[in-house]
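Shown next, in structure tokens, is the structure this report addresses.
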Amino acid sequence: MPLPARMLTVNHGIEEPTTLALAVARAVAELRQSERLTLEDLADRAGLHRTTIGLVERGERLLSVAAASRLASAFDMRLSDLIAFAEREITASIDGPTTTSSAVVIPRASKRIVNPRHSENGHLFHTLTGVGVEAIIGAIEETYETLDLIDDELRSKGSPPVSGLVELANLSSMIGNLLGAGFAAASGGAYKRNRPHAFPDLVPQFEDLPDLELKTALETNTPKGHLPKAGTYLTFRYVLATRDGIYTRGKENRGDTPWIWEVRCGTLREEDFSISNTAGDSGKTATIKSSAFKEMTRVFYAPEFLPYARRTGDYGDGNQLTI
């Protein structure tokens, strides 16, 4: 997808940058910050001067096609991927502040967009499920959008967001239902959402695809359910950070907005679950054993939301999660 002609030259103040040019600049800044790179780090990756990148991010200079391509490559993306990422931001910013005559006016925050570089092991994921990791990205983004719409409406009425109104177990269940619906919608017709409380969560629409069961868990918790069932599982783990994605580890530092930090996929047997009657749970609980959980393929990882203390060589997982 070619860049607009006005993006092919450097802006020297003769004309205002185009909407897409500014969106690309914001996308570069967002991707850099999500990977915790300094301007110098990105400059080294892209073979550009850090001053040039700084000017671009501040909207004071437009990118040439060559420079944009270098920056895309620095993030392991194609130029078309970087532009598509920027275009989604434009679409998300079209909605302006909402107004009502009887409620507190809360400006709508920009749409949360998932960094495509957070996905991984796409080939293995396709082998397991028959769909690409793009379905994971789509499911997460749709879940974010739905939760944010609900929270915006609640805040406009002076209410706490969803995370402040329900118990964490119910919040996890709600997130799981939204993720399941989002995954089905993003699967290109390969899966449909099953009726509530029915196994599996995602029903394949083609004979050669497996049933998919979906589980969610907060922070470092291992996903669990009520019954141990063999099958192919998708597990999502999330943290509670601020709406703009600022996260600090520790229960006392929890924010009010869910952010997915890890997704795993794999085939589990009944013996891969441990059964317990944990106080507070409704009946027996089937928790995925740590050994089996670590064997599942990780298909999404957002390091900025890692709920473990970082250690050399591992990222913790109750036991150790070596990557």
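Annotations for the structure displayed:
- Residue in the range 170-179 that is touching a strand residue (DSSP E or B) at 6+ places or on another chain (Cβ under 8 Å), open to solvent by 20 Å² or more (accessible area, probe 1.4 Å) and hydroxyl-bearing (Ser, Thr, Tyr) present: yes
- Condition met for residue 207 (part of a helix (DSSP H, G or I) and not small (Gly, Ala, Ser)): no
- In the range 213-230, the condition of being of a type in the set (A, V, I, L, M) and out of contact with any helix residue (DSSP H, G or I) (no Cβ under 7 Å at 6 or more places or on another chain) is met by at least one residue.
- Among the residues listed as 287, 220, the single one being touching a residue at least 12 places away in the same chain (Cβ under 8 Å), of a type in the set (Val, Ile, Thr) and surrounded by 18 or more Cβ atoms within 10 Å (Cβ to Cβ): 287
- The listed residue being modelled with pLDDT of 90 or more, closer than 17 Å to residue 243 by Cβ and among the charged types (D, E, K, R), out of 148, 152: 148
- Scanning the range 16-57 for residues that are open to solvent by 70 Å² or more (accessible area, probe 1.4 Å), outside any helix (DSSP H, G or I) and touching a residue at least 12 places away in the same chain (Cβ under 8 Å) turns up just one, 36.
- Taken together, the residues in the range 65-83 that are surrounded by 15 or more Cβ atoms within 10 Å (Cβ to Cβ) and either small (Gly, Ala, Ser) or touching a strand residue (DSSP E or B) at 6+ places or on another chain (Cβ under 6 Å) (or both) amount to 6.
- Per the conditions (1) at pLDDT below 90; (2) in contact with a helix residue (DSSP H, G or I) (Cβ under 8 Å, 6 or more places away or on another chain); (3) of a type in the set (Ser, Thr, Tyr), the sole criterion not satisfied by residue 102 is (2).
- Flag if residue 229 is assigned to a helix (DSSP H, G or I), at negative phi and either hydrophobic (A, V, I, L, M, F, W, C) or open to solvent by 60 Å² or more (accessible area, probe 1.4 Å) (or both): no
- When each of 110, 119 is tested for being at pLDDT below 85 and within 29 Å of residue 217 (Cα to Cα), the lone residue that passes is 110.
The values are calculated or read from the model by the stated rules, or taken from the named source; none is laboratory data. All values reported here derive from a predicted model rather than from experimental measurement. So basically every Cβ, Gly included, is an ideal-geometry build from the backbone, and we count neighbours across all protein chains shown. Just the protein is used for accessible areas: all its heavy atoms, side chains included, with ligands, DNA and RNA removed. Shrake-Rupley method; radii C 1.70, N 1.55, O 1.52, S 1.80 Å.
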